[in-house]
Amino acid sequence: MVPLSYYLVLSAILFACGVAGFLIKRNIITIFLSIELMLNGVNLSFVAFAAQLKSLDGHIFVFFVMVVAAAEAAVGLAIIISVFRTRETLNVDRVNLLKL
Amino acid sequence: MGIGTYILVSLVKIAIALAILLTAVAYTTLLERKVVGRIQNRWGPSRVGPFGIWQPLADGLKFIFKEDITPPFANKPLYMLAPIIALTTALTSIAVIPIGPWIRLGSINTPLQIADVNIGLLIILGVTSVGVYGVALAGWSSNSKYSMLGGLRASAQMVSYEIALGLSLIGVLIYTGSFSLRDIVDSQAGTWLGFIPKWNLFRGQFVAFFIYIMAAYAETNRIPFDLPEAETELVAGYHTEYSSMKFAMFFMAEYANMVTVACLASILFLGGWSGPVFGPPIVQSLLPVFWFALRVFAFMFIYIWVRGTLPRFRYDQLMAFGWKFLLPLAIANIVVTSLVVALK
Amino acid sequence: MLSLILFFIFAALCVGGAINLLVQKHPINSALSLIVVMGSLALIYLLLGAEFVAAVQVIVYAGAVMVLFVFVIMLLNAGVEERTEHASRVAMVLGVPGLIIGLSLAVWVVSHLAGLDRIAIGGPMVMNGSDVFGNPQAIGHLLFRNFLLPFEVTSVLILIAIMGAVVLARREE
């Protein structure tokens with residue numbers, strides 16, 4: 001048996017790592033990976049609270065988060081590919097013009 | 001059963017399952033060479049032992065003593081990791097596959113399966129979907145054009161066909177209402193009119209079986225979908241740069257995946273280990289395993305037969321077949337199956 | 001006790017993977033460390049009795065979404081990340097650990113004040129039988145009864161995502 005707060009702290013660490021990665025990384029793919037890390041951290045909280053409340057609603061939320069993450073990955077990676085095609089870089093610092 | 005006995009029994013089962021699986025892998029290669037040889041009007045291996053039955057051992061020795069080459073400018077850690085991922089995932093998925101009913105040995109009553117879990121089917125799907133990384137990383141890390149093309153093709157192909165594969169299983173799940181492979185087999189027990197077995201294949205899942213076979217061939221990178229290896233255009237695809245035991249690990253992974261797919265096909269569609277059981281108790285407990293092995297063997301034989309018969313698809317044909325034919329067909333199968341179950 | 005040990009092993013893997021994601025310069029190494037995080041999270045879900053969520057986590061996240069990422073990294077042949085010219089090293093060296101430690105301490109304090117650290121959850125992993133907490137049947141009942149409308153709406157979302165991805169990634173004629 002593990003105290004609930006351990007799960008929450010782990011979830012917070014993962015979320016914070018995601019935020020930090022989002023802020024310090026300059027590669028657009030890694031930034032995207034950091035967003036997925038944040039979503040995973042939140043999912044852990046959902047599942048932990050579902051276990052505490054003995055209610056499966058938390059699991060359902062996790063599914064919807066996963067669906068949104070999958071859809072977001074598909075669209076986001078398509079955007080990354082089209083950005084790379086026109087600008088030939090993945091560095092977000094150099095993607096600073098709305099129009100080429 | 002105490003925890004100590006449980007762990008001991010599990011370890012023994014793991015050892016036995018690995019031994020059976022690796023032997024099956026070794027002798028599938030021999031079977032393949034023999035059968036393809038006969039299809040092409042040759043003999044196949046015949047020098048090492050009678051009918052070449054020691055050929056797999058000779059091959060294994062050869063692989064061990066070959067020089068292990070790492071290409072320059074390869075990404076070394078990933079280059080090492082890729083075959084390990086491929087082989088590990090291929091061997092792990094056997095853990096939840098049941099090969100027979102419960103058996104009793106003295107005071108120990110145990111299922112013929114390493115782990116009987118609720119979500120066995122999902123575990124297999126998950127583990128095999130992680131296996132894509134082995135192929136993709138092998139292609140990427142070898143720093144070679146052929147490997148790269150093979151790896152790209154493999155990852156796109158495996159992700160695409162995984163969808164059709166997963167959807168083809170839904171029909172069976174609707175009938176059974178459980179992800180446990182043992183429940184799926186139990187639900188197919190019995191016969192109609194005394195002789196037609198109640199296999200899922202005969203319960204209207206033949207379309208699903210067709211989709212499953214097609215998708216499974218693509219998932220295991222076998223002819224007619226062996227685009228990732230395509231030796232006539234890509235040298236050897238994703239494992240072009242690999243030699244020695246690292247190559248052998250990819251090879252073993254491919255054949256272990258074939259065995260897993262064959263086991264899963266027998267469990268999901270062909271009634272698992274059902275069959276006539278007779279004779280003294282020891283024969284009675286081993287006969288189901290024999291019926292199961294027979295189905296797996298038949299499936300492997302068809303694999304090899306197809307390899308000896310069909311040409312390779314073109315890549316755009318492969319993608320079009322997966323997305324425009326198999327996927328709608330799988331969805332239609334789900335709709336029809338659920339209508340049948342709902343109206344019954 | 002056993003579940004506590006298992007939790008610490010997988011939690012250490014998670015944190016290690018997450019920090020490795022930050023440290024690594026090459027996107028493929030970051031992607032692989034994220035896969036490690038997702039795999040160990042799936043095992044932690046099993047500790048919490050969420051077997052179906054764990055399986056879906058591996059199939060959807062590790063097996064599909066991350067494969068897409070690795071595929072795109074391979075396709076674009078993404079190289080080592082470039083650094084920003086005028087980046088402040090002090091902010092990086094102090095800020096990142098500060099952010100992580102600060103947020104986790106805040107969560108610890110709040111959960112301690114709320115008394116959540118006295119609630120022990122999870123238990124011995126039982127993965128056989130219908131009494132598992134997050135078993136697929138229970139989730140199916142909930143998803144297709146109480147959450148039917150959101151479920152249908154997500155299918156529209158996926159349809160839009162498919163069309164968006166096709167439109168964005170296709171080459172201009």
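Quick note: the coordinates plus some simple rules give every number you see, no bench work behind them. Because the structure is predicted, anything quoted here is derived from the model rather than measured. Virtual Cβ from ideal backbone geometry, glycine too; neighbours counted across all protein chains shown.
General remarks:
- Selected from C:Leu143, C:Leu159, C:Leu68 as most flexible by GNM, with chain C as the system and alpha-carbon contacts under 10 Å: C:Leu159
- Efficiency of FRET from Cβ geometry, B:Ile3 and C:Leu99, R₀ 35 Å, rounded to 0.05: 0.25
- Length released on extending from B:Gln40 to B:Phe65, taking residue separation times 0.36 nm less the Cα-Cα span: 6.0 nm
- A simple rule links phi to the HN-Hα coupling: the Karplus curve 6.51 cos²θ - 1.76 cosθ + 1.60 with θ = phi - 60°, which for segment B:181-192 gives 5, 5, 5, 5, 5, 4, 6, 9, 6, x, 9, 9 Hz, with x for Gly and Pro.
- Spatially, segment C:1-56 and segment B:13-66 are offset by 39 Å when compared through their Cα centroids.
- Computed [θ] at 222 nm, helices only, for the protein assembly as shown once each DSSP H run of length n ≥ 4 contributes -39500 (n - 2.57): -23000 deg cm²/dmol
- Only Cα pairs under 8 Å and 6+ residues apart enter the sum, and on that basis the relative contact order of segment A:4-87 stands at 27 percent.
- Residues within the reach of a label modelled at B:Thr232 (point 7 angstrom out along Cα to beta-carbon, backbone nitrogen below 12 Å), restricted to segment B:302-342, are B:310-314.
- FRET efficiency for the C:Val90 to B:Phe51 pair, using the beta carbon distance and R₀ = 51 Å, is estimated at 0.10.
- Gaussian network model of chain C, springs between alpha carbon atoms under 10 Å - residue of C:Gly134, C:Gly98, C:Gly16 with greatest fluctuation: C:Gly98
- For segment A:57-80 versus segment B:87-147, the inter-centroid distance based on Cα atoms is 26 Å.
- Long-range HN-HN contacts of A:Lys25 with modeled amide H, under 5 Å: none
- Subtracting the Cα-Cα distance of A:Met1 and A:Val68 from 0.36 nm times their residue separation leaves 21.0 nm of extension gain.
- Partner lysines whose Cα lies under 29 Å from the Cα of B:Lys198, excluding those fewer than 8 positions away in the same chain, are identified as B:Lys344.
- Candidates B:Asp183, B:Asp316, B:Asp226: whichever shows maximal mean-square fluctuation once chain B is modelled as a Gaussian network with Cα springs under 10 Å: B:Asp316
- Placing a pseudo-label 7 Å from each Cα along the Cα-to-Cβ vector at C:Glu82 and B:Phe325 gives an inter-label distance of 4.6 nm.
- Model label points for A:Asp93 and C:Ile162, set 7 angstrom from Cα along the Cα-to-Cβ axis, are 4.1 nm apart.
- Summarising the amide proton neighbourhood of A:Val2: residues at separation of 5 or more, or on other chains, whose placed amide H is nearer than 5 Å comprise C:Ile121.
- DSSP H segments from chain C that extend 27 Å or more along their own axis, Cα-based, with Kyte-Doolittle mean of 1.6 or above: C:2-23, C:27-47, C:89-113, C:148-169
- Pairs spanning more than 24 Å between alpha-carbon atoms, out of B:Lys13/B:Lys246; A:Lys25/B:Lys145; B:Lys34/B:Lys62; B:Lys246/C:Lys25; A:Lys99/B:Lys145: B:Lys13/B:Lys246; A:Lys25/B:Lys145; B:Lys246/C:Lys25; A:Lys99/B:Lys145.
- Folded to 0 to 90 degrees: helix B:120-130 orientation relative to chain B principal axis, Cα: 10
- Cα→Cβ-extended label distance, 7 Å offset, between C:Asp117 and B:Val12, nm: 4.6
- Residue exposure sequence - B:His239, C:His112 - by fewest surrounding Cβ within 10 Å: C:His112, B:His239
- Degrees, to the nearest 10: B:145-176 long Cα axis against longest axis of chain B: 10
- Chain B: angle of helix B:132-141 to the longest principal axis, Cα-based, in degrees nearest 10: 0
- Taking other C-beta atoms within 10 Å as the exposure proxy, B:Arg42, A:Arg26 rank B:Arg42, A:Arg26 from fewest upward.
- Residues whose amide H falls under 5 Å from that of B:Phe313, counting only those 5 or more places apart or on a different chain, are B:Asp226, with hydrogens built in the peptide plane.
- Which of B:Tyr255, C:Tyr61 has the fewest Cβ neighbours within 10 Å, and the rest in rising order: B:Tyr255, C:Tyr61
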